[in-house]
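The next block holds one structure in the form of structure tokens; read it before the comments.
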Amino acid sequence: GKPPPPPPPAGSRASGSPRRVVVQASTGELLRCLGDFVCRRCYRLKELSPGELISWFRSVDRSLLLQGWQDQGFITPANLVFVYLLCREALRGEDIGSQAELQAAFLTCLYLAYSYMGNEISYPLKPFLVEGDKGRFWERCLGIIQRLSAKMLRINADPHYFTQLFQDLKSEGEGGDGSKHWTISLDR
């Protein structure tokens with residue numbers, strides 16, 4: 001046989017060869033980006049801060065850890081991208097007139113994210129429920145599932161879709177602290 005052809009020079013690529021896409025962000029940075037996004041989306045809530053939203057998320061995660069429902073924290077870059085997908089599609093700023101309404105809607109998104117992306121078979125409802133009417137909670141869940149089921153499946157099946165959502169979430173914020181970076185590297 002013939003020897004293999006020499007490798008192409010560094011920096012060049014043949015037409016049709018994959019293009020590498022690298023997206024990088026820390027968990028803390030993406031949490032802030034999610035908080036910034038929700039604050040902008042829910043423009044009627046003038047007193048809302050990104051920190052409040054983050055504290056709701058951390059409170060649920062801590063509660064599930066302390067109660068033994070999960071062995072490790074749920075808040076990771078990949079799961080934050082999934083939560084962002086749900087929030088982007090399910091939280092409508094014009095429909096949310098109070099912080100209580102936002103918290104109920106946001107925790108519904110979290111419940112679906114934990115149920116879909118979490119390591120456990122099921123999760124208790126209590127950490128996600130802040131209103132007395134469970135019926136409204138389940139109506140919101142079913143509405144989100146009906147509207148977003150295809151996208152929820154696609155985010156795990158299509159790495160380019162995931163990367164686009166990751167980039168969208170990252171662009172919602174102002175930059176980060178540089179610690180605990182998570183890198184996605186995809187060939188296109």
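The values are calculated or read from the model by the stated rules, or taken from the named source; none is laboratory data. Since the structure is predicted, the reported quantities are computational estimates derived from the model, not experimental observations. For neighbour counting, all protein chains shown are included, and Cβ atoms are generated from backbone atoms with ideal geometry for every residue, glycine included. With ligands, DNA and RNA removed, areas are computed over all heavy atoms of the protein, side chains included. Shrake-Rupley method; radii C 1.70, N 1.55, O 1.52, S 1.80 Å.
General observations
- Answer from Tyr43, Tyr84, Tyr123 - the residue that is touching an Asp or Glu at 6+ places or on another chain (Cβ under 8 Å) and of a type in the set (Ser, Thr, Tyr): Tyr84
- Output for the range 142-159, where each listed residue is assigned to a helix (DSSP H, G or I) and either open to solvent by less than 70 Å² (accessible area, probe 1.4 Å) or among the basic types (Lys, Arg) (or both): Gly143, Ile144, Ile145, Arg147, Leu148, Ser149, Lys151, Met152, Arg154, Ile155, Pro159
- Checked against (1) within 23 Å of Leu169 (Cα to Cα); (2) surrounded by fewer than 21 Cβ atoms within 10 Å (Cβ to Cβ), Trp138 passes all but a single condition, namely (1).
- Exactly one residue out of Arg13, Arg44, Arg62 is part of a helix (DSSP H, G or I) and either modelled with pLDDT of 95 or more or open to solvent by 10 Å² or more (accessible area, probe 1.4 Å) (or both), and it is Arg62.
- Checking Tyr114 against (1) surrounded by fewer than 17 Cβ atoms within 10 Å (Cβ to Cβ); (2) in contact (Cβ under 8 Å) with a residue 12 or more places away in the chain, the condition it does not meet: (1)
Let's see how each residue does on (1) in a loop (DSSP other than H, G, I, E, B); (2) within 23 Å of Lys46 (Cα to Cα); (3) among the polar types (S, T, N, Q); (4) at pLDDT below 95:
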residue: Gly97; (1), (2), (3), (4): yes, yes, no, yes
residue: Tyr111; (1), (2), (3), (4): no, no, no, no
residue: Asn119; (1), (2), (3), (4): yes, no, yes, yes
residue: Glu139; (1), (2), (3), (4): no, no, no, no
